[in-house]
Every structure is written in C-alpha cells, then in structure tokens.
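Heads up: the structure comes next, in structure tokens.
Taken together, the values in this text are just the output of simple stated rules run on the coordinates, not laboratory data. What you see is a predicted model, and the numbers here were worked out from it, not measured in a lab. All Cβ positions, glycine included, derive from the backbone under ideal geometry; neighbour counts span all protein chains shown.
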Amino acid sequence: MSVALRILDDGAWVSVDDTRRVAVSELWRVPGVEFCRCDLADIVVEGFLEVGVDGRTVEARLYGQCIVCGESGTTGWLPVGRIVDGEFYDLDREGGAAPTGPTPENG
Ligand SMILES: [Zn+2]
C-alpha cells in the first residue's frame, strides 16, 4: 500500500509512483499557516523541498512567495494529496470548486 514519493528536477515536481503529479508555478491558497501574516496565504510555489506521507495524507514542504503580502520563504508541511487504496488523489489547492472525491476533514 505504499507509494513512491520523489522530488524531481531540482524541486520542480512531486513524483508519485514515477509519475509527475504536482508541479511548481501553481498557486496554493493555504489558510492559517505560519508562512506569512495572511489569514489566507496565496503562495506561488517555486520549488519543493521534501515530500512525505502522514497516514494517508501526502505532504510537502516547499518554498515560494505569498502574492498577497510579498513574503517569501519556506513552508512547513502542507497537504498535497491523499493516498486512497494505493492511488494518489490531488487535493484542491486553489480553493475553487472541488473535484470529485471525499471532502477532507481533520485528517
Ligand atoms: Zn501573505
């Protein structure tokens, strides 16, 4: 039930089972992180530092810049996706209309 998580191309991609699944240059809308002073940070991802899995939640640490306040730096662990039955499912990181799939609660 484990998946192979890797960071490729000097932090440009998170690879799940040898497939590039999560790219930089995405905008992540992240509430309540210590990254900056915003209640809701809009972070442009510039690179991934680490990727790991906590239970079923795939998490990554990344560096980037909040386009709301201009703060840049590295984040703590942020959820990237979920492992369900050995398969990776993207989380809705931009806060828009949710695609199919279960609504994440507190883990
Ligand atoms: Zn900010």
Worksheet item: In the range 3-37, what count of residues is obtained for those that are free of Cβ contacts under 8 Å to residues at least 40 places away in the same chain, within 16 Å of the ligand (Cβ to nearest atom) and either closer than 20 Å to residue 53 by Cβ or in a loop (DSSP other than H, G, I, E, B) (or both)?
Response: 3
Discussion item. Between a residue in the range 60-81 that is closer than 16 Å to residue 40 by Cα and without any contact (Cβ under 8 Å) to a residue 24 or more places away in the chain and any residue that is aliphatic (A, V, I, L, M) and surrounded by fewer than 18 Cβ atoms within 10 Å (Cβ to Cβ), which pairs come within a Cβ distance under 6 Å, given they are 6 or more apart or on different chains?
Written reply: 65/44
Item to complete: Tally the residues that are over 21 Å from residue 70 (Cα atoms), under 11 Å from the mean Cα position of the chain (by Cα) and β-branched (Val, Ile, Thr), restricting the search to the range 18-54.
Response: 2
Item to complete: Looking only at the range 4-51, count how many residues are under 20 Å from residue 89 (Cβ atoms), surrounded by fewer than 17 Cβ atoms within 10 Å (Cβ to Cβ) and of a type in the set (A, V, I, L, M, F, W, C).
Response: 4
